[in-house]
Structures are given as C-alpha cells and as structure tokens.
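The values are calculated or read from the model by the stated rules, or taken from the named source; none is laboratory data. Please read all numbers here as calculations on a predicted model, not as lab measurements. Cβ sites come from the backbone with ideal geometry, for glycine too, and all protein chains shown count toward neighbours. With ligands, DNA and RNA removed, areas are computed over all heavy atoms of the protein, side chains included. Shrake-Rupley method; radii C 1.70, N 1.55, O 1.52, S 1.80 Å.
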Amino acid sequence: MFQKPFCLIILLFISCISYAQHATISGLVKDEKGNAIDQATIAAEGTGIGTHTNAKGYYTLEIPSGKKLVIVYSFVGYEIKRKTMLLNVGQNLVLDIILTAESQALNGVEVKANRNKNDPFGIQLNTSKLKEIVTPIDPISAMIKTYVGSHNELTSQYSVRGGNYDENLVYVNDFEVYRPFLVRSGQQEGLSFINSDLVSNVNFSVGGFQAQYGDKMSSVLDVTYKNPTKFAGSVMLSLLGASLHLEGASKNQKLTYLFGVRQKSNQYILQAQPEKGVYNPSFTDVQGLLNYRFNQKWETEVLINYARNRFTFLPESQTATFGVLNQAYEVYIDYHGSEIDQFDSRFGGLSTTYRPSEKLKLKFLVSGFQTNEQETFDIKGEYLFGELQTDLSKKTFGQIIQALGTGIIHDYARNYLDVNVGNAGIRGSYDAKNHFIQWGADANITSINDQLHEWERRDSAGFTQPYSSTTLTIPNYFNSTATFNYTRFDGFLQDNFRFSDSLKLTGSAGVRFNYSSLNNELIISPRFQLAYKPNWEKDFVFKFATGLYAQPPFYREMRDLEGNVNKDLKAQKSYHIVLGTDYNYKLYERPFKITAEVYYKNLWDIDPYIYDNVRIRYLGKNEAVGYIYGGEVRLYGDIVKDATSWISIGLMKAEQKLTDSNSNKGYFPLPSDQRFMLGMYFEDYLPHNKNFKMHLNALYASGLPVNPPMLPIYQNSIRIPDYKRVDIGFSALLLDGTRKEHPAHSYFNNIHSVWASLEIFNLLDIQNTLSYMYIQDQTTNRIFSVPNRLTSRLLNVKLVFMF
C-alpha cells in the first residue's frame, strides 16, 4: 500500500537533485539603441540546450552547473556574440546582452538588417533627437519636414514627392491610425496621434514601399512604441503646453505598460499672427499601451487613445500690406462674430501574437476608430482697401492716400461629421532561411454621417458678388447630407529574400489586393525591391524599386466642391519606379552617409483637388492624369563630433491634365508642385562641455501654385512666395542624475536629468505667405490677391524632467 507514495517520493528526490545540479541565466537582449530584439536565439554551444527571447527581449535559460560552457547569442542581421561561463549549482545569473548590427547598409540613416521590416528606401528617424528638435508642432512631423519640405509651421501635415497628406499612411504597432477630417487650418489642428515620448523606432518610406503596407500612393510612416524593462518617465513644460509619460514592467517582465498625456495650447503662438483676436485653443490627448506575455508562445497588446480638441476664436482685426516698392496696398479688416470647433476622436486596438514555433509567427488585430466633429462659425469682416503712399519724402508715407473700396465678407458654417471605422485583420510571417515570407488580410467597415451647411457672401461697395441686376447670387453655397456604409477587403503576400551570404543581394517581391463594396472595384498591386552591396573597398549600396500603388477613396475624396458625394469614385492609381544609392564613409574618424534617389510616378484616374489652407478639397471625379519626377540627395553625419546633423535637397516637377472636355488645355501644375526644397538640422555644443547645446532647423521651399476660386482649376499659374524659415534652440543640462555626489537621502537620486531650453521660432522674422484672400473691385472687375501670412518671431521656454 506504500508502493505508490514511496515511488513518488523517490521521483521527487531525484528531481530535486537534478534541479540542484543546474544553474540559470536570464536577462534582456537589445540592439545598440536599447530596443528589445524579439526571437533572438540563446544556445549553449555543443549541446541541445537553447531558447529564444520574447517580444520584450527577455530570456531565461537553464544550463548544467559546474561545467564550462560557451553561450551563443544570435539574431539574423546582427553579429554573433559569445559568452564563456562556469556557474555554480543553483546559481541564477542575470546577464543583459547588446547585439551589434552587421555592416549591411539597407536603411536610410542607420545600418540595420531587420528582416521583418527591411526597407532599402526607408529613412530610419533618429528618435534620440525628438526632445531636442525645435518646433511648435510634434517633433516627428517636424523632423519629416526637414526631409520633404513644408509651407506651414502650424500643421503636422506633410507632402511627399508630389502627393498630398491624404496619400500618406501612418502605422503605430501595426495599427493604421487616422486624424480629424474637417480641420481646415493649422490653427484648428490638435496633437498628432503619435506621442513621441512613447516611441522607440520610426521608419519613414518616401516611395516605392513594400506590399506589406496599405493602399496609399505617397509614403508610409511606421512607428513602433517602446518595450520598457523598468520604471521610467518624463515631464515636459513649455509655453505651448505640457506632457507626462510613464513606463514600466513587472518583475517577471510579463506585463509592460506605457502611458502618456499631453496638453497643448497654441494661444501663445497664434498671437504672433497678423489676424488679431481672442484665441482659445485647447488640445488634450491621452494614450496608453499595455502588453502581457502569457508564455513564450502567446502575448497580447492593447493600444488606446482619446483626443479632445477645442478651438474657439473671436477675431477682432487684421491688417495686410502687399505690393511692390512703388505701388503698395493695404487692407484693414474689422471682424464681428466667432468660430467654435470641436473634434473628438477615439481609437482602440487589440492584438494577439502567437508563435507556434521559432520560425512561424501569427498576429491577430482588431481596432476601432471614431471621430465626432463640429465646425461652426459666423464671421463678418468689413474691410477698407486702399493704396499706400510710397514716396519717402512725403509726410503721409506708409498711409492710405486713396481708398479703392470697401466691402464685407461674411462666412457661415454649420458642419457636422461622424465617422466610424472598424477593422479586423491577421498578419503572419515564416522564416525559411534565405526567404522571409509575410502575409496578411483585413476586413474594414466604414460608416459616414455628414451634414454640410456652409456659405460665403461677398459685398463690394453695396454690390453682392457676383453681381446680377435680376437675382441675388451667393458665390459659395453648400447644403448637403450624406449617410452611408461600406466594406473593404485587402491583403498581401510578400517574400523578403536574399540570394546567398556571399552575394550581398537582397530583395522583396509582393502583391496586394483591395476590394471595396462601395464601387465594386478590385485592385491588384504588384511591388518589387532590390538592394545590392558590391564587394568594393568603398561601402556602397545600390537600390531599385517599382510597383503599382492605388488609393481607394475615403470620404474626403468622394465629396466634391459643392458638397455632393460620389460613391462611384474609383481608386486613384500610380506606377512608381525608384533608383538610388547609399554611400557610408568616415571623415576625420566620424561616420557619414550620403543617399541619392531619382524617381518617376505615372498617375491616372486622378481625383483633382485644391488647397484651402490645410484642407484638401476634391472635385470628386476621376478626371485627370499626371506625372511626377524628381531627385533627392541627403547627407547625414557628425559634422561636430558626437552630434549628428543632416541636410536634404530635393528637385521635383508634378503636373496633371484633365481628361474631360478641358483636356485640350494641356498639363498644369499639381497643387503640391514643389520644385525645390532644402531642409537642414544642425547640432553643436560648447567645446569640452556637452551639457550646453545648440539645435538649428532650417527650411527653404519654392512656392506652390494656387488657384483663385473664381477661376477654373487649370488656371493655377499663380504661385505663393517661397517659404523660408529658421528655428533655433539652446539647451542646458541643469541636473545630471548620474552624478554620484548627491547625498544618499537626496530627492534628485530618482531624477535622471533636467534640461532647460530657450527656443526662437522664425529666427529671421520672415513673413511667409500661406494663401490668399481675394478682393474684387466691382467697378473695374480687377481682382486683388491679399496674402494670408503665417507667424512672426517668437520665444519659447521649455523644461524637460527625465526620471
């Protein structure tokens, strides 16, 4: 009767002896930037003992004690690291490892080979500069603008290689994210979805991107949030707002969290605009990311975001002076009324990752986006328009000597929009040595409820324009409603391959499909990339990409200039071909990198559009074809030792042609036809003291074509003046928490650093023009273009606490 209990005791005793004869190694595996490496291999050389890291880079390995072993740490694209050790019985060693990327240049800024997202045309943004770049907007968008150019410092929107902002994809941890739709000016625009305090990696692809990314025509911004391993955080305070972020992990590293809250008010910077009044903007954003690892095979992640944007404006007056030295004009406008805007958006995403084996990975994603937007204003502006005295010898110099007219511009809107988007999808990958297969599929349901009621009345010296002796005509009157739902299905299959270890030729071949139930259009988009690194003494990489890119219409593209919705609108389409080269070298023992690319895009089924400040207004018809071609050169490097700077230069031409009855008008510029741009970021510090730094951003972009509302779209031959802006910042390290001279009881022991910054926006005080207000003289029928100018010089003070 004691036989079974006795056997159990013997087995338990043997197990305890066996356990006591082992030791344990655990820790984290990261890259040089501190990012966790998922699925890195840890093995005892010459034995069958091994394991892999999880998504947080954490591993644990049990090895025999009292025996000298070589532990090998490896991951594709990184140099192998070996550690020799001899552990005692029952010893638990904590060992963190940093793997160094192989010298295989395939990315834009930093040389890394990540087989999951290996894009030879991607720009790896330097996330260590996000807290240092001088900008009134979010730092990631500001950094992107130094690569692609900009014409408005108040908006986070950007245009890439002739495309508008609607043609750009944005992902956060594989979730596609959105922004409000009714925003028409940078003043109204709130915070970007991406919280830079939570970011660990940012890849920006400016063209020729892979099939794994969705259906847009210009660019992809792929953001990965941090994998925290311990408690940390930061606080930022400035005249433009404040932010707080917290991060941490449980003791067993199974649960990690990120939390960020931001508050922004543009009131201070908006006071620097020519249009005076009472500004009351308030933008609040709360974001959180939770990740829980059940075991080495299963983990789940939750991403949530809530954005509350309020903008209230009571305009008072505006004075605009324009013209030339011997013929100058001035417009003074006295305003009555107000504008009240509300934009509330919510996003939630849930993903579950399953790794049935070390080669196979599956990820299931569900997300939802909701936005409720209200745009209401009733503003009447009474203006006095006159010619200025330009003779310096006259006492009346600079004053109006001849009144050319008076009038009223009355703008009214009651616009309401509700958008709901639900998405469910799957992603998969399989590592087959020289082939890394990826696939995915998504189902997307979109619901639109739109109410548009907007009009504008213009009166010139008692005549409502356009003038008619028989009827009262209002030039801009929109009154429409639209409520509809539709479903979209899309997916991709892609192979990232390399031919052999000796032949440094890698590539990506893939295909996407997209089907919309709204217009029953099926789109197939093949895409292909190659990167070749010749066995030369010089470190060169040559790149090639081509493919078809289509953009199924979302709500903005469907709504025409009159407010009508065209549900039969087809996807806009383009063909891309990109050639490029990268060259890595050292100068004065400092790393430098030059990238050069030329590209060509052929466009068809284009939905023409015009810019209304930052709002994009479409014609709602596939009635244009076009082309875009250009080239870009970028230089990255430590011009000053240990201080990375960069400069980007681009040339481009973008034109379109209407395919309707006006096709005989020939080609004319796209609204995004930015012929030349130069962007620069430069960093320096005091000699022998890196605690005092200087950061400078500079942008120059040639003027964009504009289209007066009373003229046909193909008559946009007028261009706004070139955009020129320099921002500079000075920062000082007030407290270094790593110093050891603090008392043991000091409160500063828990603070990593404290930085103070003084920022000067628009250092040269250049009055850049964003758009024009048009005044028509009723008697002569002459049209005057009155410039709407952006912000003047402004100071900002910022404090950043890191703990």
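Matching residues to (1) out of contact with any Leu (no Cβ under 9 Å at 6 or more places or on another chain); (2) at pLDDT 85 or above; (3) of a type in the set (Val, Ile, Thr):
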residue: His435; (1), (2), (3): yes, yes, no
residue: Trp439; (1), (2), (3): no, yes, no
residue: Trp455; (1), (2), (3): yes, yes, no
residue: Ser469; (1), (2), (3): yes, no, no
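Consider Ser218 carefully, then state whether it is closer than 30 Å to Asp341 by Cβ and open to solvent by 20 Å² or more (accessible area, probe 1.4 Å). Please lay out each step first, then the result.
Details: closer than 30 Å to Asp341 by Cβ: yes; open to solvent by 20 Å² or more (accessible area, probe 1.4 Å): no.
So Ser218 fails the test.
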>> Just to be sure before I move on: is Gly407 modelled with pLDDT of 95 or more, closer than 30 Å to Phe478 by Cβ and of a type in the set (Gly, Ala, Ser) in the structure I sent?
In response: no
> For Val235, are the conditions met, namely being farther than 22 Å from Gly631 by Cα and of a type outside the set (Gly, Ala, Ser)?
Replying inline: yes
> Pick from the range 177-215 the residues that are over 23 Å from Lys543 (Cβ atoms) and among the polar types (S, T, N, Q): which of them is surrounded by the fewest Cβ atoms within 10 Å (Cβ to Cβ)?
Replying inline: Ser200
>> Any residue that is free of Cβ contacts under 8 Å to residues at least 40 places away in the same chain, surrounded by fewer than 21 Cβ atoms within 10 Å (Cβ to Cβ) and touching an Asp or Glu at 6+ places or on another chain (Cβ under 8 Å) - is there at least one of those in the range 573-583?
In response: yes
>> If I ask for residues that are in contact with an Asp or Glu (Cβ under 9 Å, 6 or more places away or on another chain) and crowded, with 18+ Cβ neighbours inside 10 Å, which ones from the range 432-449 would you list?
In response: Phe436, Gln438, Gly440, Asp442, Asn444, Ile448
> Hey, any hits in the range 294-311 for a residue that's modelled with pLDDT under 95, within 30 Å of Phe385 (Cβ to Cβ), over 27 Å from the mean Cα position of the chain (by Cα) and surrounded by 15 or more Cβ atoms within 10 Å (Cβ to Cβ)?
Replying inline: no
> Quick one: which strands (runs of 3 or more DSSP E) sit completely within the range 252-345 and have at least 1 residues that are over 29 Å from Val172 (Cα atoms)?
Replying inline: 275-293, 298-324
> How many residues does the range 723-734 contain that are within 17 Å of Leu764 (Cβ to Cβ) and more than 24 Å from the chain's Cα centre (by Cα)?
Replying inline: 1
>> With the requirement that a residue be under 16 Å from Leu240 (Cβ atoms) and surrounded by fewer than 18 Cβ atoms within 10 Å (Cβ to Cβ), what does the range 761-803 give you?
In response: Ser792, Arg793, Leu795, Val797, Leu799
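Output the residue which, of all residues in the range 221-237 that are part of a strand (DSSP E or B) and open to solvent by 30 Å² or more (accessible area, probe 1.4 Å), is farthest from Asn291 (Cα to Cα). Working first, answer last.
So in the range 221-237, the residues part of a strand (DSSP E or B) come out as 221-225, 232-237.
From what's left, open to solvent by 30 Å² or more (accessible area, probe 1.4 Å): 224, 235-237.
Numbers: Thr224: 13, Val235: 23, Met236: 25, Leu237: 28 Å.
Only one residue tops the list, namely Leu237.
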>> farther than 22 Å from Arg615 by Cβ and of a type in the set (Asp, Glu): is that true of Asp673 in this structure?
In response: no
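Please state which one of Thr396, Thr390 is outside any strand (DSSP E or B) and touching a residue at least 60 places away in the same chain (Cβ under 8 Å).
Working: Thr396 fails: touching a residue at least 60 places away in the same chain (Cβ under 8 Å).
The conditions single out Thr390.
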> What is the number of the single condition among (1) under 29 Å from Ser447 (Cα atoms); (2) touching a Gly at 6+ places or on another chain (Cβ under 6 Å) that Arg527 does not meet?
Replying inline: (1)
> Is there a residue being among the aromatic types (Phe, Trp, Tyr) and modelled with pLDDT under 90 anywhere in the range 569-577?
Replying inline: no
> When the range 254-272 is examined, which residues are found to be under 20 Å from Asn788 (Cβ atoms) and either buried (at least 18 other Cβ atoms within 10 Å of the Cβ) or in contact with a helix residue (DSSP H, G or I) (Cβ under 6 Å, 6 or more places away or on another chain) (or both)?
Replying inline: Asn266, Ile269, Leu270
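Here's a check for you: in the range 273-283, which residue that is touching a residue at least 40 places away in the same chain (Cβ under 8 Å) and open to solvent by less than 50 Å² (accessible area, probe 1.4 Å) is farthest from Leu154 (Cα to Cα)?
Looking only at the range 273-283, we keep the residues that are touching a residue at least 40 places away in the same chain (Cβ under 8 Å), and these are 273-277, 279, 281, 283.
Of the ones still in play, those that are also open to solvent by less than 50 Å² (accessible area, probe 1.4 Å) are 273-275, 277, 279, 281, 283.
Working: Gln273: 11, Pro274: 14, Glu275: 14, Gly277: 17, Tyr279: 14, Pro281: 13, Phe283: 14 Å.
Going through the qualifying residues, I end up with Gly277.
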>> Kindly evaluate Thr406 against the criterion of being over 36 Å from the mean Cα position of the chain (by Cα), assigned to a loop (DSSP other than H, G, I, E, B) and surrounded by fewer than 18 Cβ atoms within 10 Å (Cβ to Cβ).
In response: no
> Taking the range 162-172 as the region of interest, how many residues are open to solvent by 10 Å² or more (accessible area, probe 1.4 Å) and over 13 Å from the mean Cα position of the chain (by Cα)?
Replying inline: 0
> Residues in the range 37-56 that are closer than 14 Å to Asn227 by Cα and at pLDDT 80 or above: how many?
Replying inline: 2
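Let's see how each residue does on (1) modelled with pLDDT under 95; (2) in contact with an Asp or Glu (Cβ under 7 Å, 6 or more places away or on another chain):
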site: Arg590; (1), (2): yes, yes
site: Pro608; (1), (2): yes, yes
site: Arg615; (1), (2): yes, no
site: Tyr618; (1), (2): yes, yes
site: Tyr627; (1), (2): no, yes
site: Glu632; (1), (2): no, yes
site: Ala643; (1), (2): yes, yes
site: Trp646; (1), (2): yes, no
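For residues in the range 135-193 being among the aromatic types (Phe, Trp, Tyr) and part of a helix (DSSP H, G or I), which is modelled with the lowest pLDDT?
Here is the first cut: in the range 135-193, the residues among the aromatic types (Phe, Trp, Tyr) are 147, 158, 165, 171, 175, 178, 181, 193.
With the extra rule that they be part of a helix (DSSP H, G or I), the set shrinks to 147, 165.
On the way: Tyr147: 93, Tyr165: 90.
That would be Tyr165.
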